[in-house]
Amino acid sequence: MNPEEFRAESRDRWERAAAGWQSERAAFQRSAEPVSRWLVDAIDPQPGQTILELAAGAGDEGGVIITDGAEAMVDVARARAEEVGARNVELRAMEAEWIDLAAASVDGVMSRWGYMLLADPEAALRETRRVLRPGGRVALAVWDAPEANPWLAVQGREAVRAGLWEAPQRGDPGPFALADRERLEDLLATAGFSDVEIDGLDLTFEAPSLDAWWEHTRRQSTWLSDALARLSPAEHYAFRDAVDKGYAEWVDAKGAVRLPGRTLVAKATA
């Protein structure tokens, strides 16, 4: 992996995905709400403190400084802040691997499913440690192993089988890059954090039908929409049939979908 090429491609994907994330934000957040609450509770923000949120996407955690590497995602977060009437919120485009803030300038840092997608998560955690004041906290979430997350893993598995996507190599950025608890703990310790605690949260992703779930993921995922654009109609149907078959055990008699997921959550002290 060429890190600079990856960063450019990743930024482009998120710029293009922003509209889909905005349209699907409410549905995704219904499932992700327990993680947002856990992160905020772990930081335990107090009046007068400055909290930074990295790779915030739509900004559902409500940090005081909300950032994302993609300008379009920052725009989505800005619209959300205006929608809920959030005040004293600063929204900025900012790379998590190069945090444009002074050393020891914030009291807490949150990132929900951000570090795992970075070319250099260790650099991002070192930057996180740099900008935290002594005693400040980081709280983050990353996805657990693929077998615990069929909501996400099924499409990836079938895409690899269909030749639409190369199987990720160990250490490559991606949704399961930090699913190893030992590696996550080592990264936090290497970055200079102490009192590391890692736990797991079970989630459920719901949709009224497989068609609805397909449309939900297609709008959010540029890799899926890009892959589908390369397929013939017959290939498209074959891939969709394989994905639906992979989800079959989580579809009830009425066709509603309830897909399990599991995230690792971690907190540590600077």
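The values are calculated or read from the model by the stated rules, or taken from the named source; none is laboratory data. Given the structure is predicted, the values throughout are model-derived calculations rather than measurements. Every residue, glycine among them, receives a Cβ derived from its backbone with ideal geometry; neighbour counts consider all protein chains shown.
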So how many residues does segment 224-265 have that are within 29 Å of residue 37 (Cα to Cα) and assigned to a helix (DSSP H, G or I)? 2
Which residue is modelled with the lowest pLDDT, if the candidates are limited to segment 59-91 and must be of a type in the set (Lys, Arg) and surrounded by 15 or more Cβ atoms within 10 Å (Cβ to Cβ)? 80
Just to be sure before I move on: is residue 173 buried (at least 18 other Cβ atoms within 10 Å of the Cβ) and part of a loop (DSSP other than H, G, I, E, B) in the structure I sent? yes
Is segment 116-126 home to any residue that is at pLDDT below 95, over 18 Å from the mean Cα position of the chain (by Cα) and part of a loop (DSSP other than H, G, I, E, B)? no
Would you please name the residue that is surrounded by the fewest Cβ atoms within 10 Å (Cβ to Cβ), looking only at residues in segment 193-221 that are hydroxyl-bearing (Ser, Thr, Tyr) and out of contact with any helix residue (DSSP H, G or I) (no Cβ under 8 Å at 6 or more places or on another chain)? 194
Name the residue, out of 129, 157, that is under 23 Å from residue 222 (Cα atoms) and basic (Lys, Arg). 157
Every residue from segment 103-135 that is within 27 Å of residue 12 (Cβ to Cβ), in contact with a Leu (Cβ under 8 Å, 6 or more places away or on another chain) and surrounded by 17 or more Cβ atoms within 10 Å (Cβ to Cβ): 109, 110, 111, 112, 114, 115, 116, 121, 124, 125, 128, 131
Taking the stated definitions as given, is residue 261 buried (at least 18 other Cβ atoms within 10 Å of the Cβ) and closer than 23 Å to residue 28 by Cα? yes
State whether one or more residues within segment 13-31 are modelled with pLDDT of 80 or more, of a type outside the set (A, V, I, L, M, F, W, C) and more than 29 Å from residue 169 (Cα to Cα). yes
